[in-house]
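Take a look at the structure set out below.
The values are calculated or read from the model by the stated rules, or taken from the named source; none is laboratory data. Keep in mind the model is a prediction, meaning the values are calculated, not measured. So basically every Cβ, Gly included, is an ideal-geometry build from the backbone, and we count neighbours across all protein chains shown.
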Amino acid sequence: MKENINKTMDRDDFNKPEFKIISKELNNLVKHMYRKGLYMTSWYGTLPLNQRKQYFYPYFKNNNEIVGQNNRGHKYRSLEFAFDDARLPWYLFWEISQVLLYGPKLNSKCRILDAGGTSSLCSCYLASLGVEVHSIDINPELVANANKISKVMNWNLHSYQMDMRKLDFNNDFFDHSFSICVFEHLHYELKQQALKEISRCTKKDGILAITFDYKNPAPEIAFIGPDTSLQNRLSDFNDISRCFLNTNNFELYGNKTYYDNNKSYLVHPKFDNAPYTFGSIFLKNIK
């Protein structure tokens, strides 16, 4: 039976050798960059608290910046080899491993868009593989940090301050696109505009690999805050279809229904610790 790739997060996936390989490569990249005084964003999309000042090394998982600790489930278990679990929990390692293993096959000739992932571990890892990566974000500080990383690491990594509703790239510029836990923060109309723009500048049959909050009772929506509206929720396959397939620019790549394993690893502390998780979806550009 073909494996579900449009699915919810599962910690048991780390029992798979291929997940372990990518996760350890990610972990080694984190250590390598930290030793050079370079820092990717946390799973919350933030740089270290004192990154604007003279930073220090080492920055281990026992540091005092525990990012997003209050929404990790009480049974949270870090990966045994995690170098900085405080900022980069296993959730993020799962997301990146998932989209790399089941998304498009990459090589040094690929040109990739990372939508909303500037300075992220995902964009850094993609660049470390030798592919040409273009990342965008509206935060100029993250863009400046990513450009510093690219220069020091000598990567083919390009970063821009750019709005996802209007991408300043030519038609068919990218082979494939990625977006890690960004779309749940976009209002429904903004999602649709962003999807159309990503479709426009991605080649036909290119893959858009996305991860997102799933069953979050109140995702943090840009310019709105925690939002409980039905329009912006992602809690079942109908929501996923409405949010990601209504533009008619994409079709599901892989399994044609969404697999929910009914496992939740996070909680929302402002909504009675309601459980939620992450999910992945792979879309084929059919414009």
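Brief remarks on what is shown
- Segment 134-175 - residue that is of a type in the set (D, E, K, R) and surrounded by 18 or more Cβ atoms within 10 Å (Cβ to Cβ) and, of those, nearest to the chain's Cα centre (by Cα): ASP137
- Condition check for ARG233 on (1) modelled with pLDDT of 95 or more; (2) over 14 Å from LEU208 (Cα atoms); (3) under 21 Å from the mean Cα position of the chain (by Cα): one failure, at (1).
- Residue pairs meeting the criteria (Cβ under 7 Å; at least 6 apart or on separate chains; first within 18 Å of ALA115 (Cβ to Cβ), in segment 145-161; second of a type in the set (Asp, Glu) and not in a helix (DSSP H, G or I)): ASN156/GLU132; GLN161/ASP137
- Among the residues listed as PHE271, PHE278, the single one being under 30 Å from ASN70 (Cβ atoms), outside any helix (DSSP H, G or I) and at pLDDT 95 or above: PHE278
- Residue in segment 247-255 that is aliphatic (A, V, I, L, M), touching a residue at least 60 places away in the same chain (Cβ under 8 Å) and surrounded by 22 or more Cβ atoms within 10 Å (Cβ to Cβ) present: no
- Note on segment 113-133: residues that are over 15 Å from MET33 (Cα atoms) and surrounded by fewer than 24 Cβ atoms within 10 Å (Cβ to Cβ) amount to 3.
- Any hit, segment 174-186, residues being assigned to a loop (DSSP other than H, G, I, E, B) and either over 24 Å from SER120 (Cα atoms) or without any contact (Cβ under 8 Å) to a residue 12 or more places away in the chain (or both): no
- The residue list ARG200, ARG233, ARG242 contains one member that is assigned to a helix (DSSP H, G or I), of a type in the set (Lys, Arg) and over 30 Å from GLU132 (Cα atoms), which is ARG242.
- Applying the condition of being touching a Lys or Arg at 6+ places or on another chain (Cβ under 8 Å) and among the charged types (D, E, K, R) to segment 1-50 and asking which residue is surrounded by the fewest Cβ atoms within 10 Å (Cβ to Cβ) yields ARG11.
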